[in-house]
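Below is one structure, written out as structure tokens; the observations come after it.
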Amino acid sequence: MELAYGHPKSLKPVQSKYCPGCGHGVIHRLIAEVIDELALQERSVITNPVGCSIWADLYFDFDSVQPAHGRTPAASTGVKRMLPDHLVICYQGDGDLAAIGTAEIIHAANRGEKFTTIFVNNAIYGMTGGQMAPTTLVGQKATTAPEGRDPAEAGMGYPIRVCELLATLGGTKYLARGAVNNAANVRKTKQYIKKAFEAQMRGEGFTMVEVLSPCPTNWQMQPVEAEEWLEKNMIPFYPLGEIKNELGGAETKEAAK
Amino acid sequence: MPDDKRLMKGNEAIGEAAIRAGCRAYFGYPITPQNELTAYMAKHMLARKRTFIQAESEVSAINMVYGAAATGARSMTSSSSPGISLKQEGISYACGADLPMVIVNVARSGPGLGGISPSQGDYFQSTRGGGHGDYYHLVLAPKSVQEAADLTYEAFDLADRWRMPVMILADGLIGQMMEGVVLPPERDLASLPRKGWAAGHQADTHRPNNHVTSINLVPAELEALNRKRFARYDEIKSSELRFEEVNVEKADLVFVAYGTSARVCLGAMEAAKRAGLELGLFRPISLWPFPHARLAELAAKGKRFLSVEMSMGQMVEDVRLAVEGKAPVDFYGRCGGVVPTEEEVLAEARRLLGK
Ligand SMILES: Cc1ncc(C[n+]2csc(CCOP(=O)(O)OP(=O)(O)O)c2C)c(N)n1
């Protein structure tokens, strides 16, 4: 009899340090499931970023390289160029990718570096305790935006739509945005990740899956409330779906499920 | 068969030596006076189907090196002073993660944007662990194009042996001038050391996971890691000291100088000899580790020292630490990109000696 569902081999069976309701754990699991399905466990390297997911190397059961805050795409570039037949996962939070590491992600994407970025957008700085992120929504409260993000008067700027920003670059081949706030979105996000990893292994170019992810602790909500807040506030601003798909072959286009 | 002697610019000789040492990946960003090195690597690394990337910044370049080095590949970056400042973050991480790599600084004058003329103003930054945290790394200072090539070649071996970044600290003059050079033999990439700690190729051996990282939030564990690293530093201090001595036994005054300023001192010594004056040169080649013990020996023999630098006085502090007040140590320096002349250095020596 075949095991239909179990714990993925590429994820260690350990308790994580992530807060209740945090999206990182679900996203880790999706990555691990896809790696198992593609039989890439011993040919995978993750660059785990500065941020809550710095702990990713405790949970994934394969090699890791931990770089400086925001330099994750530069380090992934070095890793992937040296290990072109490996699956290289550049895992990043929104502070890491869209603030301190903006230059690194734009240029890695533009060069068409053949790794996959998993961009965890929780609209807040998790690790450091809830400061405003580049993706924090207008009006959303943060410790450094106590009255809510105020783009104009307080000069806090506007939330950045990273997929749309990167879509203009020639090196990007696949940019999708999923969410992990309910089962349907989780399943869809897994499909995006799988497509991106498969495209990476075919050497197609830069691939990224942005994942809208709850941070109940720093949003100061109960986990269930956070899932709802994400649905009502983040998804309208950050539309889900394949933002750019220039992968070879029409069969790779999103099945309208 | 050894190579023929050829005429090369310092920057290009460094690049060729790195390629021959088995450098598989180079990451750089344009800055004068090291641009020929980046261009050389673009041409010759790409021609060999090795990795060359003109990065978006020095910050990115050093972190690309970090990633490549984490897979065990010999990799390098080069820059000049302002760019090296930007690389300090990555160098600190590389030291914390014990990653071998080669970093070339073809130094120029500062602070700030400063100028593009040669300088030795980066001595402190290079030898004191220029980024955050408790660390050091090897620093080698060539005085000629030949030595720049030889030290670069060796730097890759030293980096692998000690699992740490090795910095070549040259200056704009060494990088820009042309001299005859005999290049070291080309390494077979397959002959390079295997690195059991590196990320990747897990499928070959089914070994446990490798994690390249500098983080440890448990104070006692991090302290233990740092102490282990410092024990390695002690081994390096006893086995990797490099220096050159010229006429120190006979000399009434010994210049202490490295790189370009050592060449100036050699010229001053020739002129002194014609005037019947015996001057010597103590030339540190490894700036970290610094050859303190040998300078202390010379001090015990009653020598006096004149540190000659293209800075406002940086290495002179190491000279003073070495002699521990047991001998007079004076300083003569020019800065801002000014290279001291043999005449002014000689005049200073004569003034000190009263001759
Ligand atoms: C150079 C540097 N600056 C600041 C920090 C502090 N810091 C650690 S994590 C972090 C923010 C992480 O936020 P994000 O990337 O959104 O990831 P999350 O924790 O939300 O998953 C910051 C600013 C650091 N480690 N290094």
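The values are calculated or read from the model by the stated rules, or taken from the named source; none is laboratory data. All figures in this text were calculated on a predicted structure; none of them were measured in a lab. For neighbour counting, all protein chains shown are included, and Cβ atoms are generated from backbone atoms with ideal geometry for every residue, glycine included. We work out accessible area using only protein heavy atoms, side chains counted, and drop any ligands, DNA or RNA first. Shrake-Rupley method; radii C 1.70, N 1.55, O 1.52, S 1.80 Å.
The figures follow:
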quantity: Expected 222 nm ellipticity per residue - DSSP helices of 4 or more, -39500 (n - 2.57), all of the protein assembly as shown, to 500; calculated: -11000 deg cm²/dmol
quantity: The stretch A:178-251 pair-distance distribution - Cα-Cα, 5 Å bins, rounded %; calculated: 3, 15, 23, 20, 15, 11, 7, 4, 1
quantity: Residues of type lysines that A:K141 reaches as a straight line, Cα spacing below 20 Å, ignoring anything fewer than 8 places off in the same chain; calculated: A:K232
quantity: Rounded, prolate or oblate (a/c below 1.5 giving rounded, otherwise prolate when a/b exceeds b/c) for the stretch A:3-99 by Cα gyration tensor; calculated: oblate
quantity: Anisotropy class of the stretch B:243-353 from Cα gyration tensor, a/c 1.5 cut; calculated: oblate
quantity: Fraction of beta bridges assigned by DSSP in the stretch A:24-256 that are antiparallel (%, nearest 5); calculated: 20
quantity: Loss of accessible area when B meets A, both sides summed, Å² nearest 100, probe 1.4 Å; calculated: 2600
quantity: Relative packing of peptides B:342-349, B:239-246, A:23-30 - highest average C-beta neighbours within 10 Å first; calculated: A:23-30, B:342-349, B:239-246
quantity: All-pairs alpha carbon distance profile, the stretch B:57-212, 5 Å steps from 0, percent; calculated: 2, 9, 18, 20, 20, 14, 9, 4, 2, 1, 0
quantity: Largest-first ellipsoid semi-axes for the stretch A:24-256, taking √(5λ) over the Cα gyration tensor eigenvalues, angstrom; calculated: 27, 18, 18
quantity: Eligible lysines near B:K301 by straight Cα distance, threshold 17 Å, same-chain separation 8 or greater; calculated: B:K250, B:K326
quantity: Taking the convex hull of Cα positions in the stretch A:64-142, its mean projected area over all directions (nm²); calculated: 5.2
quantity: Integer Hz, Karplus 6.51/-1.76/1.60 couplings in order for the stretch B:316-329, x for Gly and Pro; calculated: 3, 5, 5, 4, 5, 4, 5, 8, 6, x, 8, 8, x, 10
quantity: D (Stokes-Einstein, µm²/s), Kirkwood Cα radius, the stretch B:105-162, 1.306 mPa s at 10 °C; calculated: 122
quantity: Overall dimensions of chain B as given by Cα atoms, namely Rg and Dmax in Å; calculated: 20.6, 72
quantity: 5 angstrom amide H check on B:W288, placed H, neighbours 5+ away; calculated: B:V139
quantity: Residue among A:A39, B:S126, B:V248 farthest towards the positive dipole end of the protein assembly as shown, charges placed on Cβ; calculated: B:V248
quantity: Chain A: angle of helix A:24-37 to the longest principal axis, Cα-based, in degrees nearest 10; calculated: 10
quantity: For the stretch A:81-90, Karplus couplings with θ = phi - 60° (6.51, -1.76, 1.60), whole Hz, Gly/Pro x; calculated: 4, 7, 10, x, 9, 9, 8, 10, 10, 9
quantity: Rounded, prolate or oblate (a/c below 1.5 giving rounded, otherwise prolate when a/b exceeds b/c) for the stretch A:124-257 by Cα gyration tensor; calculated: prolate
quantity: Which listed pairs, of A:K9/B:K195; A:K114/B:K237; B:K9/B:K355, have C-alpha distances above 30 Å, in listed order; calculated: A:K114/B:K237; B:K9/B:K355
quantity: Extension gain from A:E164 to A:D85, taking 0.36 nm per residue of separation minus the Cα-Cα distance; calculated: 25.6 nm
quantity: Peptide-level mean, for B:201-207, of C-beta atoms on other protein chains within 10 Å; calculated: 4
quantity: Rg ratio (alpha-carbon, reference 2.2 N^0.38 Å) - the protein assembly as shown; calculated: 1.09
quantity: Vicinal HN-Hα couplings computed from phi for the stretch A:174-181 (Karplus, 6.51 cos²θ - 1.76 cosθ + 1.60; Hz; Gly/Pro x); calculated: 8, 10, 10, 10, x, 8, 10, 8
quantity: In nm, spacing of pseudo-spin labels at B:S239 and B:R227 (7 Å Cα→C-beta vector); calculated: 2.2
quantity: Charged-residue dipole, Cβ positions (Lys, Arg, Asp, Glu), the stretch B:243-353 about Cα centre, Debye nearest 20; calculated: 160
quantity: Length-normalised contact order of chain B in % [C-alpha pairs under 8 Å, at least 6 apart]; calculated: 18
quantity: All aspartates and glutamates inside 15 Å of B:K87 as judged from Cα atoms, apart from same-chain residues fewer than 8 positions distant; calculated: A:E104, B:E56, B:E58, B:D122
quantity: Euclidean distance between Cα centres, the stretch A:66-144 to the stretch A:4-51, Å; calculated: 18
